[in-house]
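No lab work stands behind these numbers, since they all come straight from the coordinates. Everything quoted here is computed from the prediction, not taken from an experiment. Here the Cβ positions follow ideal geometry from the backbone for every residue, glycine too, while neighbour counts run over all protein chains shown.
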Amino acid sequence: MRKYWHVINIGIQNNLTYRFNFLARAIFGLVPLVAILYVWKAIYEGNGSGSRVGTYSLPEMVSYYVLITMVDALTAVNEDDWQIAADIKDGNISQFLLKPIDYLWYRLCLFLSGRVTYVAVATIPLCLFAVYLHRYFMLPANGTAFGCFLLSTVLTALLQFFTSYAMAMLAFWVLEVSTFIFILYAFEYVASGHLFPLDILPRWLEQALYFTPFPYQLYFPVSIYMGKTSGPDLARGLLIQGAWVIAAYFLARFAWRRGIRHYSAVGG
């Protein structure tokens, strides 16, 4: 494991070189959040005081979007899939085939180092924003909910990474994977709860989405924090989320093994 800790250390050092970029991304990432909050505030004011959209009051809706932003900052895959695809296309993975290092765990270590750096830089603007909205922001439903929220967030990060890794493996067969990545991102953006809470959808559509991994990539951990998912539903949801993580991991492994059979590198 020493070599992977070294990769994490090097990854953090490399990412700190671009710490201002991370800070700028975090600050400007709050701009669309502010716009969404103003839209929802206008909707609630138009419906009268004390109104609700689905099961959400205005403070709950504001808390939902702030939490979505925080979980996304902790778990989002930023350019890792592009870099993996570029390594395959440019032949850079050849060096890993000759060394005692697993490429998947190598990329996972770089992903974790990127998340650690981003969170370290983005914590201040996110916390200031949460303090600014303190009268709307909700605390966890209870201690159990907060602990399960943290566990689910870790599983969300792993699910995001393994899914992106498996998608990047298409670079073994196609020259450009950008179209596939954009299609996946479009589904994730809508079906993961990033755009709106999934439980305001018609019941049949919400239930259909739970047969996909997308709700477990953002919406599920936030619903735990807010107490929307509890009891048997919470236990069942964590098991399903864990199952999706395992499935994505084995899919990534399978795609790598099949891709290596097609891989060839020439030149010095």
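What the table below lists for this structure:
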read-out	value
Rounded to whole Hz, the Karplus (6.51, -1.76, 1.60) HN-Hα couplings of the stretch 53-67, x for glycine and proline	10, x, 9, 10, 7, 4, x, 5, 5, 5, 4, 4, 6, 5, 5
Simple spin-label estimate for Trp105 and Asn92 in nanometres, 7 Å along Cα-Cβ	2.1 nm
0 to 90° range, to nearest 10: angle between helix 2-16 axis and the chain longest Cα axis	60 degrees
Formal net charge of residues neighbouring Val53 (Cβ-Cβ distance under 11 Å; K, R +1; D, E -1)	-1
Residues Thr153, Thr123, sorted so that the one with the fewest Cβ neighbours within 10 Å comes first	Thr123, Thr153
Ranked Met169, Met70, criterion: other C-beta atoms within 10 Å, fewest first	Met70, Met169
Hz values of 3J(HN,Hα) by residue in the stretch 101-111 - Karplus curve (6.51, -1.76, 1.60), Gly and Pro given as x	9, 8, 5, 4, 5, 4, 5, 5, 5, 5, 4
CD proxy at 222 nm, helix term only [per DSSP H run n ≥ 4: -39500 (n - 2.57); per residue of the chain; nearest 500]	-24500 deg cm²/dmol
Using a Förster distance of 30 Å, the FRET efficiency for Met138-Ser178 (Cβ separation, nearest 0.05)	0.20
Ascending count of other beta-carbon atoms within 10 Å, so fewest first, for Ile93, Ile183	Ile183, Ile93
Relative contact order %, the stretch 2-262, counting alpha carbon pairs below 8 Å whose residues are six or more apart	27 percent
Shape category assigned to the chain from the gyration tensor of Cα positions, a/c cut at 1.5	prolate
Within straight-line cross-link reach of Lys89, lysines at Cα separation under 22 Å, skipping those fewer than 8 residues along the same chain	Lys99
Folded to 0 to 90 degrees: helix 19-47 orientation relative to the chain principal axis, Cα	30 degrees
Residue-wise HN-Hα coupling along the stretch 146-157, computed from phi with Karplus coefficients 6.51, -1.76, 1.60 (Hz; x: Gly, Pro)	5, x, 5, 4, 5, 4, 5, 5, 4, 5, 4, 4
